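The values are calculated or read from the model by the stated rules, or taken from the named source; none is laboratory data. Quick caveat: nothing in here was measured; it's all calculated off a predicted structure. Positions of Cβ are generated from backbone atoms using ideal geometry, with glycine treated the same way; all protein chains shown enter the neighbour counts. Ligands, DNA and RNA are excluded from the accessible area calculation, which covers all protein heavy atoms including side chains. Shrake-Rupley method; radii C 1.70, N 1.55, O 1.52, S 1.80 Å.
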Amino acid sequence: LHYTEGAGGEEEIVFLKGTKSTTTSGRAIPDFMKVEVEGSEAAEKMKKQLMDKLKPDKATVDEVLGNSALMSGFDDPEVMAAVDDVARNPQNLKKYANNPKVLAFYQHMAGMVGNRLEKMGDNSASGK
């Protein structure tokens, strides 16, 4: 489930609905364990909210500019070619599993994004 702000400003809960089905052994999967994600209205709403929260702002740009590991990655044609390749097809990340420069770039970027999302979560939990 996911909490969102309703039309009147109050919090509302968006429930992910499941459908009954069976496993390969023929046993039924309980409804609460089956989650409809792709294409559902709730999933699209959560995706839009996440994308809105991840849009770069001045603080994000300042953080990137202050991160020497990220900046060296942006300046490295090999790393940027890998980023372009992975952006076109995320499965291509496997190609770079043994490339320490590409892995370091993604680790630093993921850490920065993760920290940003944690701070947003802390702020929303405390009402800020």
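What the table below lists for this structure:
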item: Per-residue ³J(HN,Hα) for the range 60-75, Karplus 6.51 cos²θ - 1.76 cosθ + 1.60, θ = phi - 60°, Hz, x for Gly and Pro; result: 5, 4, 4, 5, 5, 4, x, 9, 5, 5, 5, 5, 5, x, 5, 7
item: Gain on full stretching of the segment that runs from LEU103 to ASN89 - 0.36 nm per residue minus C-alpha separation; result: 3.4 nm
item: Using θ = phi - 60° and Karplus 6.51 cos²θ - 1.76 cosθ + 1.60, couplings along the range 79-95 (whole Hz; Gly, Pro as x); result: 5, 5, 5, 5, 4, 4, 4, 5, 5, 6, 8, x, 4, 5, 4, 4, 4
item: Charge tally in the Cβ shell below 10 Å around LYS101, where Lys, Arg are +1 and Asp, Glu are -1, LYS101 excluded; result: -2
item: List MET112, MET71, ordered by accessible area with a 1.4 Å probe, largest first; result: MET71, MET112
item: With 10 Å bins from 0: P(r) over the range 43-126, alpha-carbon pairs, percent; result: 15, 41, 33, 10, 0
item: Net charge contributed by nearby residues that have their C-beta within less than 14 Å of GLY111 (K/R +1, D/E -1); result: 0
item: ASN99 long-range amide H proximity, modeled H, under 5 Å; result: none
